[in-house]
Amino acid sequence: MKTVACIIQDGFAPFEFGVACEAFGLDRTDDGVPNFDFRVVTADPGKVTSKIGFSINVEDDLSFAYEADLVIVCPIPRKWWGATDPRILDVVRDAEARGAWLLTICSGSFVIAQAGVLDGRRATTHWMYADEMKAMFPEVDVDPDVLFVQDGRIITSAGTAAGLDACLHLLRQEIGAELTNRVARRMVVPPQRDGGQAQYIDRPLPVVQSDSLVTVTDWAIGNLREELTVDQLASRAHMSPRTFARRFKAEHGATPAAWLARQRIIHAQRLLERSDLGLDAIAVECGFGSAAVLRQNFARVLATTPTAYRAKFACADEPAA
């Protein structure tokens with residue numbers, strides 16, 4: 001991925017637009033991160049007004065988007081859902097047809113849904129708008145309980161900050177976990193945020209007497225090579241296994257087992273990128289036990305093999321300070 005087009009329209013959301021610029025528009029070559037040819041485009045170049053009143057001047061029309069490896073669609077005002085400029089819909093259809101990446105932030109998913117590229121696919125949007133999206137586009141499988149969804153080369157994300165999660169998810173596939181971690185570190189955000197939108201929906205929260213589970217999760221991450229069980233983790237949290245599992249799901253948006261599996265995959269990615277360890281040794285370090293189990297998990301989660309991942313993302317030495 002070398003070229004990125006970010007489409008904005010009148011009424012664009014500044015924060016979500018800024019997320020796209022931050023993730024793909026900054027030069028981070030001093031950190032060893034590849035630079036992207038990032039351009040902001042619009043149907044009619046000139047002044048484009050944000051939803052809070054200020055305007056920016058956009059010089060590029062949509063022609064660059066027809067060649068871009070990634071096309072990002074920023075949110076649009078609710079009054080224009082289902083009434084997007086046909087020229088933008090054409091760009092979206094072209095990107096999907098030629099196999100480019102498509103990424104939407106928040107209600108940008110309404111744009112590509114109108115273009116028809118989400119029909120028969122799973123997607124998401126902000127939880128506040130999920131029911132409306134289901135009603136407007138019944139052919140789309142809308143999941144309101146996740147931060148982002150990848151279906152093929154189309155990534156849709158939930159509201160606001162979830163757009164950043166989606167951008168980092170895409171970067172992880174294109175430049176690897178190690179370099180993506182450098183990008184996240186510069187942003188001062190976690191490189192991988194597990195969980196779903198359900199954590200942010202206004203609903204009664206259970207009353208809990210203990211502090212956050214961060215001490216337990218930090219310990220687990222430091223001991224991934226061990227055979228960790230819910231009973232062990234619950235014991236460290238001074239809870240019953242049932243209470244711990246319920247609390248963990250509420251706090252992390254995933255079961256302890258699913259969370260541990262994801263942490264093991266992330267650790268394996270880093271070892272494949274940063275070390276010369278063989279697959280058996282990596283499998284032991286990450287708690288998978290054997291190379292066969294490591295391969296199974298890579299195929300399930302990342303749709304690739306550890307060997308192919310290492311060949312693509314093996315990193316050079318850390319950049320000089």
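The values are calculated or read from the model by the stated rules, or taken from the named source; none is laboratory data. In this text, all values refer to a predicted model and were calculated from it rather than measured experimentally. With ideal geometry, Cβ positions are generated from the backbone for all residues, glycine too; neighbour counts draw on all protein chains shown.
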Complete set of residues in segment 249-258 that are crowded, with 16+ Cβ neighbours inside 10 Å, in a helix (DSSP H, G or I) and either small (G, A, S) or at pLDDT 90 or above (or both):
P256
Considering R39, R98, which residue is on the phi < 0 side of the Ramachandran plot and touching a Phe, Trp or Tyr at 6+ places or on another chain (Cβ under 6 Å)?
R39
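Quick test for you: out of I88, I72, pick the one residue that is surrounded by 13 or more Cβ atoms within 10 Å (Cβ to Cβ) and in a strand (DSSP E or B).
Values: I88 fails: in a strand (DSSP E or B).
After applying the criteria, what remains is I72.
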Taking segment 112-149 only, how many residues are in a strand (DSSP E or B) and closer than 24 Å to K79 by Cβ?
2
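Provide a single number: the residues in segment 104-130 that are aliphatic (A, V, I, L, M) and within 13 Å of A158 (Cβ to Cβ). Lay out the reasoning, then the answer.
At the first step, the residues of segment 104-130 found to be aliphatic (A, V, I, L, M) are 105, 111-113, 115, 117-118, 123, 128, 130.
Still in the list and also within 13 Å of A158 (Cβ to Cβ): 105, 123, 128, 130.
So the answer is 4.
Return the residues of segment 23-33 that are assigned to a helix (DSSP H, G or I) and either among the hydrophobic types (A, V, I, L, M, F, W, C) or more than 13 Å from R182 (Cα to Cα) (or both); say none if nothing qualifies.
Hits for segment 23-33 are A23, F24.
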